[in-house]
Amino acid sequence: MDWYAEVTSGRLLVSDGAMGTMLQSLGLEPGHCPESWNLAHPERVQQVHRAYLEAGANLLTTNTFGGNRLRLAAHGLADQLVEINRRAVELAREVAGDRAAVMASVGPTGALLEPLGDLSEQQAYEIFAEQIEALRQGGADTVILETFMALEEIVAALRAAKALGMRVIASMS
């Protein structure tokens, strides 16, 4: 489904809902990495996608909100970044078929940018570019930037997505 063509033609589209809490209802322990389930429990990730599709969602969001190097490193998974992100897109696409569009979820790094923290805007850009490239390689064509609070950080993510030729939907909290 080409979500952009659908929206510009006037069609109303419905997005899915939360991924992390749905995975918790299927056994993900609080504090554990939801993105790890793309490899460890792909059938459960697809179960969530399927439930949203059957409930009427036209937009399925990948299980990659915390799929950047910094967040994955906190769980010892930074070396699996590419595989985790690629697989997430594949899982969502398998469920979506031609009935829904797949949005690649990208959340904040979890670190504070300078001068409040140690992360530079260039480092943030590189972190987002790495994740978004893996999502693109997995077959994503649209990135949804979710729940950012720092303007400088979302700008770094937007720059990375645009440099990689991705469509972008962005939201701040």
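With +1 on the Cβ of every Lys and Arg and -1 on the Cβ of every Asp and Glu, and nothing else charged, how large is the dipole of the chain about its Cα centre, in debye rounded to the nearest 20? Could you put the intermediate results ahead of the total?
Working: 13 positive and 22 negative charges, 72 e Å.
Dipole about the Cα centre, nearest 20: 340 debye.
Using Cα centres only, tell me the gap between segment 83-158 and segment 49-73 in whole Å.
Answer, in whole Å: 11.
Work out the FRET efficiency for residue 170 and residue 40 from their Cβ-Cβ distance, taking R0 = 30 Å, and round it to the nearest 0.05. Can you show the working numbers first?
Working: r = 30 Å, r/R0 = 0.99.
E between residue 170 and residue 40, to the nearest 0.05, is 0.50.
Could you calculate the FRET efficiency of residue 24 with residue 82 from 1/(1 + (r/R0)^6), where r is the beta carbon distance between them and R0 is 30 Å, rounded to 0.05? Write out the running numbers ahead of the final one.
On the way: r = 25 Å, r/R0 = 0.85.
The computed FRET efficiency comes out at 0.75.
Give me, ordered by chain and number, the residues 5 or more places off residue 101 or on other chains with an amide H under 5 Å from its own placed amide H.
Placed amide hydrogens put 59, 60 under 5 Å from residue 101.
Select one label from (i) 18.5; (ii) 16.1; (iii) 17.5: the one whose number is Kirkwood radius over Cα pairs in Å as derived from the coordinates shown.
Derived directly from the coordinates: (ii).
Can you list the residues, at least 5 places off or on another chain, whose amide H is less than 5 Å from the amide H of residue 120, using H built in the peptide plane?
Here the answer is 114, since their amide H atoms fall under 5 Å of that of residue 120.
What does the charge add up to near residue 86, with Lys and Arg as +1, Asp and Glu as -1, over the other residues with Cβ less than 12 Å from its Cβ? Show your work: numbers first, answer last.
Details: positive: 87, 93, 136; negative: 35, 83, 90, 133.
Once positives and negatives cancel, what remains is -1.
Quick one: which residues, 5 or more positions from residue 144 or on another chain, have an amide H under 5 Å from its amide H? H modelled 1.01 Å from N in the peptide plane, none for Pro or chain starts.
104, 105, 106, 169
Every number here is computed from the coordinates shown, using simple stated rules; none is lab data. These figures come from a predicted structure and were not determined experimentally. Glycine gets a Cβ as well: all are built from the backbone with ideal geometry, and neighbour counts include every protein chain shown.
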